[in-house]
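Before any comments, here is the structure.
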Amino acid sequence: MPTLANAKPRAEEVLARCRRLASFSEDSAGIRRTFLSAPMQDCHREVTNWLRAAGAEVTIDAAGNLRAFYAGAQSSAPRVLLGSHLDTVPNAGAFDGVLGVVIAIALLEALDRRRLPFAIEVAAFSEEEGVRFGTPFLGSRALVGRLDEQLLDTRDANGISVRTAIKNFGLNPDEIPHATLSENSLAFLEFHIEQGPVLDSLHLPLGAVEAIVGQTRMEFIFEGRANHAGTTPMHLRRDALAAAAEWTLAVERAAQTTSGLVATVGQIKAKPCAVNVIAAEARATLDLRHASDKIRNEITAALTREAGEIAARRGLSLRHTVMLSQNAVAMDSFLTAQIENAIRSSGARAHRMVSGAGHDAMILAEKIPSAMIFLRSPGGISHDPAETVLLDDVAKALECGLHLLDQLANSAEFTKRMCRA
Ligand SMILES: [Zn+2]
């Protein structure tokens, strides 16, 4: 099995390319590259040059995704997708999404026109963050056939629809059905920075993602009675804000005592919100995530019950609404095990983990087996200009990626999957 002798210079080139793409920004002061903005054209031009030099054919699909095809040993060979997204949040770092695309290109270069039993498609998604239209994953949704009419009619802050943005970029929205995955797509593999502190705290370069957590978002409205902060004795109050505060600590306690659970009350709005008035109303949000939908739903029900008990004891009423309930997405277990092997072959310890954030792999997993490899985020920092990645970790990721491709090429199970495709 070939190893990557010059992994470090290749990793240096990967970092230089991420920084080069970071220079294509809507803002002069920082990095901001939203869906089909003008700098995305520059980004596409640069990425296209690198991919063509590596022997791939490049097209831009009707959703603005850059798709590159690196042929397999036979013209009929099924394909493996590698990639991530090219858009960014405002005031972004240089590596979220972009790193996964640039690593995919470096892997084609490392193959050096060597043909595998499968073709490789590099997918560089046009939209993942949801910044311009408030809806994330516009790019990868097109591949699974979910960039529908309703989404195309969504408008940005300037009143421009997704459909018009596509036309303005020189593309034809009527061709979006042709952007769907090719029938013989076998797998999607995404390298991405962790965007959290777990690998950093374990001193590990890489992680194998086994699931992307499910998520519940709710709003709880505690209603009491406003009154004078000086003249109302404590036992005669119906304080909505104190109830929301008591419940917030119950949420924290539930997350601290349930393995794998993260739960956040990120917003409390009090009314009338004055220093000398007891709050009549407190609106508190809940963001709760777990890799098990059963546990997530059980804890959500328990916290809803607890909010009701706190409200009743304090003489308040309670209303609640569910804003989002999104199931967890398991990564393909065969691919995740292969990733663990590839991480070990690169000389690192394989750590299995869940992703607390959504990713394109979650969307692709609806149609094809998908899996993710996380790279350590130093300091756990992301969505910030200070976001970074270590040179040695990128070198390890390249070694891991090459081992992974070779493992799949030689795997009996994957060969079976190739025959069925
Ligand atoms: Zn990302």
Selected from Ala348, Ala250, Thr336, residue furthest toward positive end of dipole (the chain; charges at beta carbon)
Ala250
Per Stokes-Einstein, at 20 °C and 1.002 mPa s, what whole-number D in µm² s⁻¹ belongs to the range 274-318, with the Kirkwood radius over Cα pairs as the hydrodynamic radius?
171 µm²/s
Expressed as an acute angle from 0 to 90° and rounded to the nearest 10, what is the orientation of the C-alpha long axis of helix 240-256 relative to the principal long axis of the chain?
40 degrees
Counting alpha carbon pairs within less than 8 Å and at least 6 residues apart, what relative contact order, in whole percent, applies to the range 168-302?
29 percent
For the range 330-381, what is the relative contact order in percent, using Cα pairs closer than 8 Å and at least 6 residues apart in sequence?
46 percent
So what are the ³J(HN,Hα) numbers for the range 400-417, from phi and the Karplus equation (6.51, -1.76, 1.60; θ = phi - 60°), rounded to whole Hz, Gly and Pro as x?
4, x, 5, 4, 4, 4, 5, 4, 5, 4, 9, 8, 5, 4, 5, 4, 4, 4
Contact order normalised by residue count of the chain, Cα under 8 Å, 6+ apart, percent
22 percent
Local net charge near Thr180, Cβ-Cβ under 15 Å (Lys/Arg +1, Asp/Glu -1):
-3
Between the range 87-115 and the range 177-214, what is the separation of their alpha carbon centroids in Å?
13 Å
In terms of Cα to Cα distance under 16 Å, which aspartates and glutamates are near enough to Lys271, apart from those fewer than 8 places away along the same chain?
Glu219, Glu223, Asp239, Glu281
In whole Hz and in residue order, list the ³J(HN,Hα) couplings for the range 20-35 that follow from phi through the Karplus curve 6.51 cos²θ - 1.76 cosθ + 1.60, θ = phi - 60°; x for Gly and Pro.
4, 5, 5, 6, 8, 9, 6, 9, 6, 8, x, 8, 8, 9, 8, 3
With +1 on each Lys and Arg Cβ and -1 on each Asp and Glu Cβ, and nothing else charged, work out how big the dipole of the range 5-146 is about its Cα centre, in Debye to the nearest 20.
360 debye
Listed residues Gly380, His290, Ala179: farthest to the positive end of the dipole of the chain (Cβ charges)
His290
Among all the lysines, which ones have a C-alpha under 20 Å from Lys416's C-alpha, if same-chain residues fewer than 8 places away are not counted?
Lys367
Any idea which of Gly100, Ser126, Ser76 is furthest toward the positive side of the dipole for the range 76-144, if Lys and Arg beta-carbons carry +1 and Asp and Glu beta-carbons -1?
Ser76
With +1 on the Cβ of every Lys and Arg and -1 on the Cβ of every Asp and Glu, and nothing else charged, how large is the dipole of the chain about its Cα centre, in debye rounded to the nearest 20?
600 debye
Computed magnitude of the charge dipole of the range 294-421 (debye, nearest 20; Cβ of K, R +1, Cβ of D, E -1):
580 debye
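When you count, for each residue, the other Cβ atoms within 10 Å and take the mean per peptide, how do 351-357, 411-417, 62-68 rank with the highest first? Intermediate results must be reported in sequence, preceding the final value.
Numbers: 351-357: 18.1, 411-417: 13.6, 62-68: 23.9.
In decreasing order of mean packing, 351-357, 411-417, 62-68 become 62-68, 351-357, 411-417.
Here, each number is a calculation from the coordinates, and none is a lab measurement. All values derive from a computational prediction rather than experimental measurement. Neighbour counts run over all protein chains shown; Cβ positions are idealised from the backbone, glycine included.
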